[in-house]
1. Out of Gln78, Gln73, Gln134, Gln129, report the one residue that is polar (S, T, N, Q), over 26 Å from Ala11 (Cβ atoms) and open to solvent by 90 Å² or more (accessible area, probe 1.4 Å).
2. How do the pairs read when you match residues in region 51-71 that are in contact (Cβ under 8 Å) with a residue 60 or more places away in the chain with residues anywhere that are among the hydrophobic types (A, V, I, L, M, F, W, C) and outside any helix (DSSP H, G or I), using Cβ under 8 Å and keeping only pairs 6 or more apart or on different chains?
3. Given the condition assigned to a loop (DSSP other than H, G, I, E, B) and either among the acidic types (Asp, Glu) or touching a Lys or Arg at 6+ places or on another chain (Cβ under 7 Å) (or both), answer yes or no: does some residue in region 92-103 qualify?
4. List every residue pair whose Cβ atoms sit under 9 Å apart, with the two residues 6 or more apart in sequence or on different chains, where the first one lies in region 79-95 and is on the phi > 0 side of the Ramachandran plot and the second, anywhere, is in a loop (DSSP other than H, G, I, E, B).
5. Could you please let me know if Trp68 is of a type in the set (Phe, Trp, Tyr) and closer than 20 Å to Phe23 by Cα?
6. Looking only at region 1-47, which residues are assigned to a loop (DSSP other than H, G, I, E, B) and open to solvent by less than 60 Å² (accessible area, probe 1.4 Å)?
Amino acid sequence: MRFLGNIEGKADSKGRVFLPSVFRKELQMGGSESLVLRKDVFQHCLVLYPEAVWNEMMDTMRRKLNRWNPHEQQVFRQLVSEAEAVTLDGNGRFLLTRRAKEFAGICSQVTFIGMGDTIEIWAKENTEQPFMEQEDFGKALAKIMAADDGEGCTE
């Protein structure tokens, strides 16, 4: 699955939002209908994971974490306790809980940002936060793409 783009949406008075049709189609083509919603670890936005992507991440984490290390157990506990299963209704809507909306600062207007294998959900008024200035973006991308490939020169 490859979620791409930046699409605006709206939460209704009950907190339901329509998952953009382009993302629903991508889910269907990938054979996934179940989703997991979680607060982002670094930013004040929400992240939708297709169930297969979430399960793969959980399996990877479990392999890396020691069940007998109390600190690592706390990390895992916090990660999974802040996640919730999401089901799309027949119209392609899902419910954002009050807790999730408060964390992300969502009142009614939202922006969905495709992030490859996940989808971020931002309060529309905070949509500038995740982006860099165009010049800084170009420099950062050039540096990342030139790193360790032995091709071209870097400055």
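The values are calculated or read from the model by the stated rules, or taken from the named source; none is laboratory data. Worth saying up front: this structure is predicted, and the values here are computed from it rather than measured. Neighbour counts are summed over all protein chains in view; Cβ atoms, including those assigned to glycine, are modelled from backbone coordinates with ideal geometry. Ligands, DNA and RNA are excluded from the accessible area calculation, which covers all protein heavy atoms including side chains. Shrake-Rupley method; radii C 1.70, N 1.55, O 1.52, S 1.80 Å.
1. Gln134
2. Close Cβ pairs satisfying both conditions: Val53/Met1.
3. The answer is yes, given that some residue of region 92-103 is assigned to a loop (DSSP other than H, G, I, E, B) and either among the acidic types (Asp, Glu) or touching a Lys or Arg at 6+ places or on another chain (Cβ under 7 Å) (or both).
4. Partner pairs satisfying both residue conditions: Gly92/Leu19; Gly92/Pro20.
5. No.
6. Gly5, Asp12, Gly15, Leu19, Pro20, Gly30, Ser32, Ser34, Asp40, Cys45 - these are the residues of region 1-47 that are assigned to a loop (DSSP other than H, G, I, E, B) and open to solvent by less than 60 Å² (accessible area, probe 1.4 Å).
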